[in-house]
């Protein structure tokens with residue numbers, strides 16, 4: 001699990017959410033499934049507005065640039081994510097919206 005800190009798009013306040021993640025090389029990926037609900041999770045709307053985020057994985061903290069990617073835009077990577085956690089694929093079946101995943105690219109050295 002990782003903690004993603006975003007800036008609230010309306011309030012400007014720091015918002016934190018704990019998410020399951022997948023790591024490939026230095027890049028972490030989180031999925032905006034919202035449990036298969038109709039709407040996107042609030043944290044995704046926040047990162048679309050302000051892509052500069054902070055990430056914590058265990059004791060490691062780092063700043064990152066978040067990029068939302070619709071699962072239909074990168075099907076091979078989406079399949080890799082679903083192979084990591086099958087629930088994400090199940091959630092896609094529960095909703096008509098295209099679930100996006102978010103690429104978290106470190107912009108500072110991890111500490």
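A short reminder: the numbers here are calculations on the coordinates, not readings from a lab. The model shown is predicted, which means the values in this text are computed figures rather than measured ones. Ideal geometry is used to build each Cβ from the backbone, glycine not excepted, and the neighbour counts take in all protein chains shown.
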Distance in nm between residue 3 and residue 60 label points, each 7 Å along Cα→Cβ, equals 1.7
To test your reading of the geometry: what angle, between 0 and 90 degrees and rounded to tens, separates the Cα axis of helix 75-84 from the longest principal axis of the chain? 80
Residue among 85, 29, 21 with the largest mean-square fluctuation in a Gaussian network model of the chain, springs linking Cα atoms under 10 Å: 85
Please identify, among 75, 41, 51, the residue showing maximal mean-square fluctuation in a Gaussian network model of the chain using a 10 angstrom Cα cutoff. 75
Taking only the Cα positions of segment 62-111, the convex hull volume per residue in Å³ is 91
Quickly estimate the mean residue ellipticity at 222 nm for the chain, helices only: each DSSP H run with n ≥ 4 gives -39500 (n - 2.57), and the total goes over all residues, rounded to 500. -6500 deg cm²/dmol
On each of the three principal axes of the Cα atoms of segment 7-63, give max minus min coordinate, whole Å, ordered largest first. 30, 27, 16
Residue separation between residue 76 and residue 108 times 0.36 nm, minus their alpha-carbon distance, gives in nm 8.7 nm
Over the chain, calculate the relative contact order: mean separation of alpha carbon pairs under 8 Å at least 6 apart, over the residue count, as a percent. 32
Using 0.36 nm per residue, how much length does the chain from residue 24 to residue 90 gain when fully extended, once their Cα-Cα distance is taken away? 21.6 nm
Projected area averaged over orientations for the chain, convex hull of C-alpha atoms, nm²: 6.6
Rank-order 58-66, 95-103 by packing density, defined as the average count of other C-beta atoms within 10 Å over each peptide's residues, highest first. 95-103, 58-66
